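Enquirer: Mind having a look at this structure? Questions to follow.
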Amino acid sequence: MHSNQDTAAQHDAIREAIGGLIACPIDVGKQGIRVLDSGTGDGTDITDIKFPKSSHASSISFRIQSITSAWPGEWTKSFDLVHQRLVLGACGSFPFPEAVKNLAALVKPGGWIELIEPDQTCGIGDGQAMRDFITLVTCVFEHMGGNVRYAYNIKRWLQEAGMIDIEERSIPLFLGTSIPDQDLARRTARSTADAMLPLLKYLEMKGCPPPLQQNALDTLSERLHAELLSQGGFYPLRVIYGRAPPDL
């Protein structure tokens with residue numbers, strides 16, 4: 001599991017990459033705006049958005065909810081913005097298009113949905129440890145019955161869910177010393193390396209054939225941490241957002 005520190009490092013790096021927290025053209029300063037941040041963790045995302053003071057922390061609530069389970073019926077068509085980041089891959093064997101459709105059903109007419117997911121590709125200048133990381137992620141996804149490049153299908157799934165004005169952007173997420181800010185460089189190097197641990201645990205628990213030599217797997221977290229501190233890394237994201245048709 002990621003710690004709150006890991007989540008905060010990821011949050012700050014993505015904010016730098018996108019140039020903010022929300023890419024879709026919604027006015028978050030509007031009074032009475034209602035937002036669902038699916039997979040919010042400790043709430044860093046939602047509390048860092050510049051909402052009007054009258055609609056800030058006192059009106060934020062948390063709920064334990066699986067994206068593979070039915071959402072509360074009273075939430076249907078009730079949110080101005082449905083936001084989810086780096087969560088869809090946790091669907092496992094649950095159909096990804098259905099998870100997207102269920103999220104889209106929560107958007108009120110004229111409201112927005114925004115999903116951010118990884119490309120699962122490397123940059124040209126990435127080192128061997130970063131490439132081994134992508135190999136490991138691919139192996140885990142395939143064992144779970146999924147397609148590691150699922151992010152490329154999200155635009156179509158939103159269209160099938162009835163969304164309009166859909167936009168898709170590729171965002172370069174830099175890690176480690178590829179980030180000028182030394183503190184954020186250090187934090188992203190640590191959090192990215194630590195993200196290997198649950199993937200390695202999954203392989204061990206499921207008895208999956210190892211995608212790399214055993215020594216390469218055993219040292220992956222350590223090697224990735226050192227590589228990101230010495231030469232940095234590149235981990236592109238896809239940002240896809242769309243709007244629910246307004247009531248006529």
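The values are calculated or read from the model by the stated rules, or taken from the named source; none is laboratory data. Given the structure is predicted, the values throughout are model-derived calculations rather than measurements. Neighbour counts are summed over all protein chains in view; Cβ atoms, including those assigned to glycine, are modelled from backbone coordinates with ideal geometry.
Enquirer: Among (1) farther than 26 Å from Thr138 by Cα; (2) at pLDDT below 95; (3) surrounded by 16 or more Cβ atoms within 10 Å (Cβ to Cβ), there is one condition Lys50 misses while meeting the rest; what is its number?
Expert: The single condition Lys50 does not satisfy is (3).
Enquirer: To continue, here is another question. Which residue, of Leu173, Leu217, Leu199, Leu224, is modelled with pLDDT under 95, buried (at least 16 other Cβ atoms within 10 Å of the Cβ) and either touching a Cys at 6+ places or on another chain (Cβ under 8 Å) or closer than 18 Å to Ala13 by Cβ (or both)?
Expert: Leu173
Enquirer: Do we have any residue at all in the range 60-67 that's under 21 Å from Tyr152 (Cβ atoms) and of a type in the set (Ser, Thr, Tyr)?
Expert: Taking every residue of the range 60-67 in turn, none turns out to be under 21 Å from Tyr152 (Cβ atoms) and of a type in the set (Ser, Thr, Tyr).
Enquirer: With respect to Ile166, is the statement that it is among the β-branched types (Val, Ile, Thr), modelled with pLDDT of 90 or more and under 30 Å from Thr219 (Cβ atoms) true?
Expert: No, not satisfied.
Enquirer: Okay, moving on. So His83 fits all but one of (1) closer than 20 Å to Ile154 by Cβ; (2) part of a helix (DSSP H, G or I); what number is the exception?
Expert: (2)
Enquirer: Could you tell me which residue of the range 95-126 is surrounded by the most Cβ atoms within 10 Å (Cβ to Cβ), considering only residues that are over 17 Å from the mean Cα position of the chain (by Cα) and modelled with pLDDT under 95?
Expert: Asp126
Enquirer: Also, quick follow-up: Taking the range 88-103, which residues are more than 10 Å from Ala161 (Cβ to Cβ) and free of Cβ contacts under 8 Å to residues at least 60 places away in the same chain?
Expert: So the first thing to find is which residues in the range 88-103 are more than 10 Å from Ala161 (Cβ to Cβ), and the list is 88-96, 99.
Within the range 88-103, Ala90, Cys91, Gly92, Ser93, Phe94, Pro95, Ala99 qualify.
Enquirer: Could you figure out which of (1) at pLDDT 90 or above; (2) buried (at least 18 other Cβ atoms within 10 Å of the Cβ) isn't true of Gly73?
Expert: (2)
Enquirer: Looking at the range 62-79, which of its residues are in contact (Cβ under 8 Å) with a residue 24 or more places away in the chain and outside any loop (DSSP other than H, G, I, E, B)?
Expert: Trp75, Phe79
Enquirer: Looking only at the range 1-47, count every residue that is assigned to a loop (DSSP other than H, G, I, E, B), at pLDDT 85 or above and among the basic types (Lys, Arg) and tell me the total.
Expert: 1
Enquirer: Yes or no: Leu136 of a type outside the set (S, T, N, Q), more than 24 Å from Phe94 (Cα to Cα), modelled with pLDDT under 95 and touching a Leu at 6+ places or on another chain (Cβ under 7 Å)?
Expert: no
Enquirer: Now, a different point. Among the residues of the range 191-248, count how many are of a type in the set (S, T, N, Q) and under 28 Å from Val100 (Cα atoms).
Expert: 2
Enquirer: Does Ala129 satisfy being modelled with pLDDT of 95 or more, closer than 21 Å to Gly19 by Cβ and not hydroxyl-bearing (Ser, Thr, Tyr)? Even if it seems obvious, please write down each step before you answer.
Expert: On the way: modelled with pLDDT of 95 or more: yes; closer than 21 Å to Gly19 by Cβ: no; not hydroxyl-bearing (Ser, Thr, Tyr): yes.
Answer is no for this residue.
Enquirer: Among (1) of a type in the set (A, V, I, L, M, F, W, C); (2) in contact with a Lys or Arg (Cβ under 7 Å, 6 or more places away or on another chain); (3) not in a helix (DSSP H, G or I), which single condition is Phe94 missing?
Expert: Only one criterion in (1) of a type in the set (A, V, I, L, M, F, W, C); (2) in contact with a Lys or Arg (Cβ under 7 Å, 6 or more places away or on another chain); (3) not in a helix (DSSP H, G or I) is unmet by Phe94, namely (2).
Enquirer: Collect the residues in the range 72-100 that are in contact with an Asp or Glu (Cβ under 6 Å, 6 or more places away or on another chain) and within 16 Å of Val140 (Cβ to Cβ), keeping them in residue-number order. Break it down stepwise before answering.
Expert: Taking the range 72-100 and keeping what is in contact with an Asp or Glu (Cβ under 6 Å, 6 or more places away or on another chain), we get 83, 88.
Result: Leu88, single match.
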